[in-house]
1. Report the per residue volume, in Å³, of the convex hull enclosing the C-alpha atoms of the chain.
2. Taking 25 Å as R0, compute the FRET efficiency from the Cβ-Cβ separation of Arg181 and Arg228 and round it to 0.05.
3. Leaving out ligands and nucleic acids, note down the accessible area per residue over the chain with a 1.4 angstrom probe, in whole Å².
4. What part of the accessible area of the chain, given as a whole %, is carbon or sulfur when the probe is 1.4 angstrom?
5. Beyond 18 Å, what share of the Cα-Cα pairs of the range 91-222 is found? Please give it as a whole percent.
6. According to a simple spin-label model (label point 7 Å from Cα along Cα-to-Cβ), what is the distance in nm between Tyr22 and Arg136?
7. Antiparallel versus total DSSP beta bridges in the chain: what percent is that, nearest 5?
8. So, in nm, how far is label Arg264 from label Met149 when the simple model puts each one 7 Å beyond its Cα toward the Cβ?
Amino acid sequence: MDIRGIDHIEMFVGDARQAAFYFGTAVGFHLCGEGGPETGLTGQRSLLLRQADVRMVLTSGLTAEHPAATYVQRHGDGIAVVALEVDDAAGAYAELVGRGATGVTPPRTFTGADAEVVVAEVGGFGDVRHRLVERRGSRVEFLPGAVEMLPTPPGVDAGPLTGIDHLAICVPPGQLDRTVRHYREVFGFADIFTEHVEVAGQAMNSTVVQSPSGQVTLVLLEPDTTHRPGQIDAFLAQHAGAGVQHLGLSTGDIVAAVETLRSRGVRFAGTPGSYYDAVEDRVGRLDAPVDKLRELGVLVDRDHAGQLLQIFTESMHVRRTLFLELIERRGALTFGSGNIKALYEAKERELAATAAAPQGVGA
Ligand code: FE2
């Protein structure tokens, strides 16, 4: 089984058209395909969005019984499918189920004029599934017959985001080790980074697992219950169980990307000015202007191989669950330790502000 990378992600949302408006207008995606009952997708509406190498399907159930509707009722809007591109979907499905994965949907082939796509689904974590996707022939079609491709409207610019860097996933206390073992033993991933983070009396454990190709990276987070409850516990409570906490999107120019998204209304987590006072002592000399990073709140970290620049959006959901990360890698291959703590502190401020402020008009 050869997992090449992330083919796409699928979000289950309350209203795919409104979510597409947000991801299009604010985050720079464009609508490039659509499916529904008229294309054989019974009981659902699915919109395919794209920005460079990031493909995202937004799906809403049209009936209360549709799995997308029951997912949203339980978890709120969220990433329900992380699709993996493989050479042989039927073979991968059999291999994964043979190693203990839960089979969800057996292999099915979608055939078009010049493309054939085979998909199958297995369980991942919580209610999130992995869709195995094998593509043959033209890469223009997404799911021949089921998703009708739309012409690119004139004037669509390349957005500032270029690919999926990683996903961060919260799991309930006591489940980190077994989740890591599942990805190692069933999917053949390696665990490449582990740490224990303590901030202000709260704590969490984190392990990064990665596919052999290096193209699929999952950051697994678990609350440490020997400390007082914190934001991972809050995510698990508000999301009702394990799920994707944030989606890390790559950019070649984080300063330009943040300025663009901010100008379109995306709200980013703030960073105290003091964070930048000793930043070069911590990560080494920077060739980015520190004043600009400070103005925008971009975080800087490093690993053994180089630097990375990161920033997190505020959650765009009423439950304060899923949010986005923008990341520009300048040589770093993994993650630094400093920013997990900085993110944790930033989320604390966001959650405290949310708890203190009345929800509703003007909040
Ligand atoms: Fe991240």
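The values are calculated or read from the model by the stated rules, or taken from the named source; none is laboratory data. Small disclaimer: the values here were computed from a predicted structure and weren't measured. Cβ coordinates were reconstructed from backbone atoms using ideal geometry, including for glycine residues, and neighbour counts include every protein chain displayed. Each accessible area value is taken on the protein alone, full model and side chains, heavy atoms only, with ligands, DNA and RNA left out. Shrake-Rupley method; radii C 1.70, N 1.55, O 1.52, S 1.80 Å.
1. Working: hull volume 52.5 nm³, N = 363.
Spread over its residues, the Cα hull of the chain gives 145 Å³ apiece.
2. Numbers: r = 28 Å, r/R0 = 1.11.
That pair, Arg181 with Arg228, gives E of 0.35.
3. On the way: 15310 Å² over 363 residues.
Heavy-atom accessible area per residue stands at 42 Å².
4. Working: 7840 of 15310 Å².
Reported share for carbon and sulfur atoms: 51 percent.
5. Numbers: 5673 of 8646 pairs.
Summing the P(r) of the range 91-222 above 18 Å gives 66 percent of all pairs.
6. Computed distance between label sites Arg136 and Tyr22 equals 3.9 nm.
7. 80
8. Placing both labels 7 Å beyond Cα along the Cβ direction yields 2.3 nm.
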